[in-house]
Amino acid sequence: MENKSSAIKLFIADFLRVPTDKLTDSATLTDLVADSFQAVELLVALQDEFAFVLNHEDLTAIETLGGLLALIEAKQ
Amino acid sequence: MTTTRPISEDERWLLSFYRTSEITGALFFGRLAKTLPPGPIQRDLTQHFSDESSHASYWTQAMYELDCKPEKVRIAYQDAYLDAAGLPVNIMEILAITQIFERRVIQQYSQHSRMENVHPVVAATLKKIMSDERWHIQWVAKALTSLEPRFGKSAIETALRRCKEADQAVYRNVLMEHRERLASLLDSGAYDRAGIGVETDAGDDDGGITEWKTRVAQ
């Protein structure tokens with residue numbers, strides 16, 4: 001599980017071009033992405049890379065990276 | 001009926017608004033085209049990106065030809081869509097919002113082309129763009145069908161309905177917010193004042209579901 005989270009964080013760091021130490025569980029998603037379009041791009045890329053499906057309702061309660069990682073774990 | 005009268009400031013704003021929306025669409029689809037895995041959706045979305053980019057160029061060229069330089073429009077129509085409908089989080093939701101948005105674009109352009117005294121340069125640009133926009137609706141409808149096994153028919157219908165509701169709210173808000181600038185359009189009779197936000201040209205009013213199903217059958 002830890003390995004999967006690390007792999008997802010590495011992917012996000014590479015995608016957003018941010019250092020991995022910025023990707024703490026408490027980091028808010030809105031702070032990590034430059035704009036809404038980048039958020040959409042990232043979510044689509046994550047689903048493609050890690051083979052899961054998110055929907056609109058899934059994200060309504062997610063604010064932090066930790067929340068997103070937990071959601072992805074639950075979806076797989 | 002067309003005219004060669006000078007372009008008013010309100011029309012300059014409207015053409016700038018169109019131009020900004022086309023640029024925003026091109027940037028969004030371009031970024032997505034880069035991200036998506038290979039396949040028919042990637043292929044068609046890349047063409048869509050190219051079209052939006054061309055449309056932005058057509059509007060820019062038209063405005064220069066009309067000697068009315070583009071105005072900086074801070075917010076694109078798509079931004080308001082994302083605010084109202086929420087962030088699309090997967091490719092199906094992106095295509096659902098695109099389907100609804102493209103229908104709105106065709107309706108808007110079609111209504112504009114029916115205005116009294118449309119400048120021939122504007123009329124020609126609208127006509128050129130509208131033929132591409134029809135293809136956009138077609139490919140997106142087919143792509144949504146291809147995504148049924150992955151996302152389910154019901155989820156696609158739900159997404160289309162949600163986007164449709166957002167579309168009506170956004171369109172109504174835009175018309176209200178810019179009512180002074182759009183007064184000439186409203187007064188031309190191209191818009192039914194009582195029916196603002198109601199589909200008149202794009203056919204069914206069920207959020208694109210009939211459109212999607214019709215395309216599937218073809």
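For this structure, a couple of remarks:
- For the condition open to solvent by less than 10 Å² (accessible area, probe 1.4 Å) and within 25 Å of B:TYR18 (Cβ to Cβ), B:ALA141 qualifies.
- Summed over the range A:50-66, residues that are open to solvent by 40 Å² or more (accessible area, probe 1.4 Å) and in a helix (DSSP H, G or I) total 1.
- For A:GLN47, the conditions (1) of a type outside the set (Lys, Arg); (2) in a helix (DSSP H, G or I); (3) facing another protein chain (nearest Cβ under 7 Å); (4) open to solvent by 40 Å² or more (accessible area, probe 1.4 Å) all hold with the exception of (4).
- Residues (of a type outside the set (A, V, I, L, M) and facing chain B (nearest Cβ under 7 Å)) located in the range A:30-44: A:SER36, A:PHE37, A:GLU41
- Scanning the range B:18-39 for residues that are among the aliphatic types (A, V, I, L, M) and buried (at least 22 other Cβ atoms within 10 Å of the Cβ) yields one hit, B:LEU32.
- Residue check for A:LEU69: in contact with a Ser or Thr (Cβ under 6 Å, 6 or more places away or on another chain) and crowded, with 17+ Cβ neighbours inside 10 Å: yes
- Pairs, first farther than 23 Å from B:ARG162 by Cα in the range A:44-61, second open to solvent by 80 Å² or more (accessible area, probe 1.4 Å), C-beta under 9 Å, six or more apart: A:PHE50/A:GLN76; A:ALA51/A:GLN76
- Pairs linking a residue in the range B:35-46 that is within 11 Å of another protein chain (Cβ to nearest Cβ) to a residue that is loosely packed, with under 11 Cβ neighbours inside 10 Å, with Cβ atoms under 9 Å and 6 or more positions apart or on different chains, do not occur.
Yes/no per residue for (1) of a type in the set (D, E, K, R); (2) more than 19 Å from the chain's Cα centre (by Cα):
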residue: B:PRO37; (1), (2): no, yes
residue: B:LEU87; (1), (2): no, no
residue: B:ARG104; (1), (2): yes, no
residue: B:SER113; (1), (2): no, no
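- Among the conditions (1) in contact with a Gly (Cβ under 9 Å, 6 or more places away or on another chain); (2) among the aromatic types (Phe, Trp, Tyr); (3) crowded, with 22+ Cβ neighbours inside 10 Å, the only one that B:TRP59 does not satisfy is (1).
- Residues that are of a type in the set (S, T, N, Q) and either within 14 Å of chain A (Cβ to nearest Cβ) or in a loop (DSSP other than H, G, I, E, B) (or both) within the range B:50-93 comprise B:GLN78, B:ASN90, listed in sequence order.
- From the options A:GLU57, A:GLU41, A:GLU49, residue that is of a type in the set (Asp, Glu) and in contact with a Leu (Cβ under 7 Å, 6 or more places away or on another chain): A:GLU41
- Test: residue in the range B:94-116 that is within 12 Å of another protein chain (Cβ to nearest Cβ), in contact with a helix residue (DSSP H, G or I) (Cβ under 9 Å, 6 or more places away or on another chain) and more than 19 Å from B:GLU22 (Cβ to Cβ): yes
The values are calculated or read from the model by the stated rules, or taken from the named source; none is laboratory data. Computed from a prediction, not measured in an experiment: that's the story for all the values here. Glycine gets a Cβ as well: all are built from the backbone with ideal geometry, and neighbour counts include every protein chain shown. Heads up: the accessible areas ignore ligands, DNA and RNA and are worked out on the full protein's heavy atoms, side chains in. Shrake-Rupley method; radii C 1.70, N 1.55, O 1.52, S 1.80 Å.
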